[in-house]
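Participant: Just passing along the structure, written as structure tokens.
The values are calculated or read from the model by the stated rules, or taken from the named source; none is laboratory data. For clarity, every value in this text was computed on a predicted model and none was experimentally measured. Cβ: placed from backbone, ideal geometry, glycine included. Neighbour counts: every protein chain shown.
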Amino acid sequence: MRRVTLFARLLMLTLVLALAAVRPAAAQSILRDTETEKLFADMSRPLIEAAQLDPKNVRIVLVNDNEINAFVAQGQVVYIHSGLLTAADNANQVQGVIAHELGHVAGGHALRIQDGIKQATAVSILSLVLGGLAMAAGAGEAAMGVMAAGQQAALGQFLAFTRAQETSADLAGASYLSRAGISGKGSIEFFKKLQNQEFRLAIYATDSYDRTHPLSSERIASLTEVYKKDPAWNRPTDPALEARFQRVRAKLIGYISQPELVLRNYPASDTSVPAHYARAYAFHRQGFRDKALAEADALLRTTPNDPYFLELKGQVLLESGKPAEALQYLRQAVAAAPDAPMIAAMLGHALIATEKQDYFPEAERVLKTAVNRDNDNPFAWYQLGVIYDRKGDQARAALATAERYNLTGEPKLALASAEMALRGIPSGTADYLRAQDIAMVSRTAVDRDKRKNRGNR
């Protein structure tokens, strides 16, 4: 039974990693929020620059997953699980995680993971060949022993490879924190959180051989020695950055956690900004519009022109069936944050939802601006498609639909919509060329999927 388990583990590990390298977050949903993304950008910028990377090319993406985890994949993208953000006590802890993940990015570890797979696979194949020869010679028991030992060796080699990458990322992350003048205390604190989790889950913790990561105790000991020597060890986090983090964390908890749990952790007696934020989302999710609006109003009394508080009130009104009332607050939010295309997309949605044709030109203008500044927003493309459809411009409605399906990973639908757009948009125009691009990419993806399906038969 053990021989089968070892082989299965290696095989599944190889398959999982190979798939993760292609589409790391395919099975999880991405959470997008302007305030959160701006916080990530600001708290990671000094670390990205310390890693000698271009902040324009590095993205920090929030994944809706309650596991305490973060990872990188192909490209310069750091994925942070929502569970990690809610488990963190302060901004410095998250910066420690980001620094570590940037170590993976700068080290090209996502690309090199294939090397580890190849090395492990080579050992595994060799063991199968030797086992086959032994079996052919009539030594059945010896053959099984050779194959089992080979699978164990292959697994061990791969795990050693990934542990080496983790250690490298730890040291690189420590150097980035140091260059940025950011304390490593948060990194140590978070590793201790992981260590406590190991204890709670009764994870075997005497040997790091059978693990992809070094044991938390090992990492804590080695990194503490490094961090304590750094001049930034006792440097506090910027209070403004910390306040923003606590807002975003509470906002996320209110959005994803069970409302009853949110209200228990943030009782009415707590009149802090984070508490109002969390309760507003919890009440909104429960359908208590007036209570949610009361919390939003409490936030606006603290900072009347805060774009995110205005966005919150507009969102509650819009999603409660009051789009006309939402317009005032969403327009104010867009004016206060003109570089926030997701807020603009919500305003476009509210304008359309009023069903007043007089608002449609404004909606079209707002939505075009939104997708020009952020074309990675399927919701905005959907709303723009609605506007084009209402105008009777079916060709550009089809193009907007193609953009949406292209972003959501539905190549068949993207291809059909792009081909429809090509039949109605004048040849040689920018929109025509864009439809051609989507059609070409989608057709390639469709053909690739067909080949895969034939190969699996």
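Participant: It is to be established whether one or more residues within the range 92-107 are at pLDDT below 90, more than 18 Å from ARG45 (Cβ to Cβ) and not β-branched (Val, Ile, Thr).
Facilitator: yes
Participant: Please enumerate the residues belonging to the range 400-453 that are within 16 Å of ASN377 (Cα to Cα), part of a helix (DSSP H, G or I) and hydroxyl-bearing (Ser, Thr, Tyr).
Facilitator: THR401, TYR405 - these are the residues of the range 400-453 that are within 16 Å of ASN377 (Cα to Cα), part of a helix (DSSP H, G or I) and hydroxyl-bearing (Ser, Thr, Tyr).
Participant: In addition: Answer yes if at least one residue in the range 223-231 is out of contact with any helix residue (DSSP H, G or I) (no Cβ under 6 Å at 6 or more places or on another chain), more than 22 Å from ASP65 (Cα to Cα) and among the aromatic types (Phe, Trp, Tyr), and no otherwise.
Facilitator: yes
Participant: Of (1) surrounded by fewer than 20 Cβ atoms within 10 Å (Cβ to Cβ); (2) touching a Ser or Thr at 6+ places or on another chain (Cβ under 6 Å); (3) touching a residue at least 40 places away in the same chain (Cβ under 8 Å), SER222 satisfies all except one. Which?
Facilitator: Tallying (1) surrounded by fewer than 20 Cβ atoms within 10 Å (Cβ to Cβ); (2) touching a Ser or Thr at 6+ places or on another chain (Cβ under 6 Å); (3) touching a residue at least 40 places away in the same chain (Cβ under 8 Å), SER222 fails exactly one: (2).
Participant: Testing TRP381 on (1) on the phi > 0 side of the Ramachandran plot; (2) within 28 Å of the chain's Cα centre (by Cα), one condition comes back false. Which one is that?
Facilitator: (1)
Participant: Determine which single condition SER257 fails, assuming it passes every other condition in (1) over 30 Å from LYS368 (Cβ atoms); (2) without any contact (Cβ under 8 Å) to a residue 40 or more places away in the chain.
Facilitator: (2)
Participant: Look at ILE352 and say whether it is surrounded by fewer than 23 Cβ atoms within 10 Å (Cβ to Cβ) and aliphatic (A, V, I, L, M).
Facilitator: Judged against the criteria, ILE352 is a match.
Participant: Also, I was wondering about something else. Checking GLU403 against (1) loosely packed, with under 15 Cβ neighbours inside 10 Å; (2) touching a Phe, Trp or Tyr at 6+ places or on another chain (Cβ under 9 Å); (3) acidic (Asp, Glu): exactly one of these is not met. Which one?
Facilitator: Unmet for GLU403, out of (1) loosely packed, with under 15 Cβ neighbours inside 10 Å; (2) touching a Phe, Trp or Tyr at 6+ places or on another chain (Cβ under 9 Å); (3) acidic (Asp, Glu): (1).
Participant: Follow-up question, since we're still on this one. Could you name every one of the helices (runs of 4 or more DSSP H) located completely within the range 204-265 that has at least 3 residues being among the aliphatic types (A, V, I, L, M) and modelled with pLDDT under 95?
Facilitator: 216-228
Participant: Tell me which of these HIS276 doesn't satisfy, since it passes every other one: (1) under 28 Å from the mean Cα position of the chain (by Cα); (2) crowded, with 23+ Cβ neighbours inside 10 Å; (3) closer than 30 Å to GLN357 by Cβ.
Facilitator: (3)
Participant: Specify the residue that is nearest to GLU37 (Cα to Cα); the eligible residues are those in the range 303-355 that are within 29 Å of the chain's Cα centre (by Cα) and of a type in the set (Val, Ile, Thr).
Facilitator: That would be ILE343.
Participant: When you scan the range 389-399, how many residues do you find that are assigned to a helix (DSSP H, G or I) and free of Cβ contacts under 8 Å to residues at least 24 places away in the same chain?
Facilitator: 2
For (1) out of contact with any strand residue (DSSP E or B) (no Cβ under 8 Å at 6 or more places or on another chain); (2) polar (S, T, N, Q); (3) at pLDDT 95 or above; (4) in a helix (DSSP H, G or I), each residue gets a yes or a no:
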{"residue": "ALA335", "(1), (2), (3), (4)": "yes, no, yes, yes"}
{"residue": "LEU347", "(1), (2), (3), (4)": "yes, no, yes, yes"}
{"residue": "GLU355", "(1), (2), (3), (4)": "yes, no, yes, no"}
{"residue": "ASP358", "(1), (2), (3), (4)": "yes, no, yes, yes"}
{"residue": "PRO361", "(1), (2), (3), (4)": "yes, no, yes, yes"}
{"residue": "VAL366", "(1), (2), (3), (4)": "yes, no, yes, yes"}
{"residue": "ASN372", "(1), (2), (3), (4)": "yes, yes, yes, yes"}
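Participant: Could I ask something else about it? From the list GLY409, GLY392, which residue is small (Gly, Ala, Ser), surrounded by fewer than 21 Cβ atoms within 10 Å (Cβ to Cβ) and within 24 Å of ILE30 (Cα to Cα)?
Facilitator: The conditions single out GLY409.
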